[in-house]
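Q: Before I ask anything, here is the structure I am working with.
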Amino acid sequence: MRGIVFTVLGLLPLVCGHPYYRDYIPNGYAVFNPCGASYWQAVGHYDPNHHTVMKNPFGVALSNNNHIWNEALCRADSDGDGKTNGEELGDPNCVFTLGSTPSQASSGHPGICEPIGSGPCANVAFRCGCHGNACTG
Ligand SMILES: [Ca+2]
């Protein structure tokens, strides 16, 4: 009986979907949060804590790449802030593979254009704390 319980609990991340995608990207559980002190949990989404709102540009790119971290996705700049996804996630040389340790800590968010609201991001609608359609456009 105990084994069944643990098996069911072990499958929860798969049933709930997205959290386990974070295993597939460098520093997936320690992504820089430009809006706060804690990490950005829902990496592919605009809401830092929930997977239910729409995907940010990195989430769209990751999904379109079948959730595979490869050199093309690593060298892309999904959020258009001038830094590659690999640079932001701590894999500047694009050598991360599943289960390996990234060469650096995450220094930016690959799906949130930074600095928020200025420079190359002046025309990006996203602002910290936005919800739904207010995050895009
Ligand atoms: Ca970027």
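The values are calculated or read from the model by the stated rules, or taken from the named source; none is laboratory data. Bear in mind that the values here come from a model prediction, so they are computed numbers and not experimental data. All Cβ positions, glycine included, derive from the backbone under ideal geometry; neighbour counts span all protein chains shown.
Q: Filter region 30-55 down to residues that are under 9 Å from the mean Cα position of the chain (by Cα) and either assigned to a strand (DSSP E or B) or loosely packed, with under 15 Cβ neighbours inside 10 Å (or both), then give me how many there are.
A: Number of matching residues: 1.
Q: Also, quick follow-up: Exactly one of these conditions fails for ALA134: (1) part of a helix (DSSP H, G or I); (2) in contact with a Pro (Cβ under 9 Å, 6 or more places away or on another chain). Give me its number.
A: (2)
Q: For region 69-89, give me the residue count where each residue is more than 8 Å from the ligand (Cβ to nearest atom) and either crowded, with 21+ Cβ neighbours inside 10 Å or modelled with pLDDT under 95 (or both).
A: The qualifying residues number 5.
Listed here are the residues, each with its yes/no results for (1) surrounded by 12 or more Cβ atoms within 10 Å (Cβ to Cβ); (2) closer than 18 Å to ASN49 by Cβ.
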site: VAL95; (1), (2): yes, no
site: GLY99; (1), (2): no, no
site: PRO102; (1), (2): yes, no
site: ALA105; (1), (2): yes, no
site: ILE112; (1), (2): yes, yes
site: PRO120; (1), (2): yes, no
site: ASN133; (1), (2): no, no
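Q: Picking from CYS113, CYS130, which residue would you name as being within 13 Å of the ligand (Cβ to nearest atom) and touching a residue at least 24 places away in the same chain (Cβ under 8 Å)?
A: CYS113
Q: Something else: With respect to the numbered conditions (1) in contact with a Gly (Cβ under 7 Å, 6 or more places away or on another chain); (2) more than 11 Å from the ligand (Cβ to nearest atom); (3) touching a residue at least 60 places away in the same chain (Cβ under 8 Å), which one is the sole condition not fulfilled by CYS94?
A: Condition (3) is where CYS94 drops out.
Q: Please give the number of the condition VAL60 fails out of (1) out of contact with any Ser or Thr (no Cβ under 6 Å at 6 or more places or on another chain); (2) closer than 15 Å to TYR21 by Cβ; (3) touching a residue at least 60 places away in the same chain (Cβ under 8 Å); (4) of a type in the set (A, V, I, L, M, F, W, C).
A: Just one mismatch for VAL60, condition (3).
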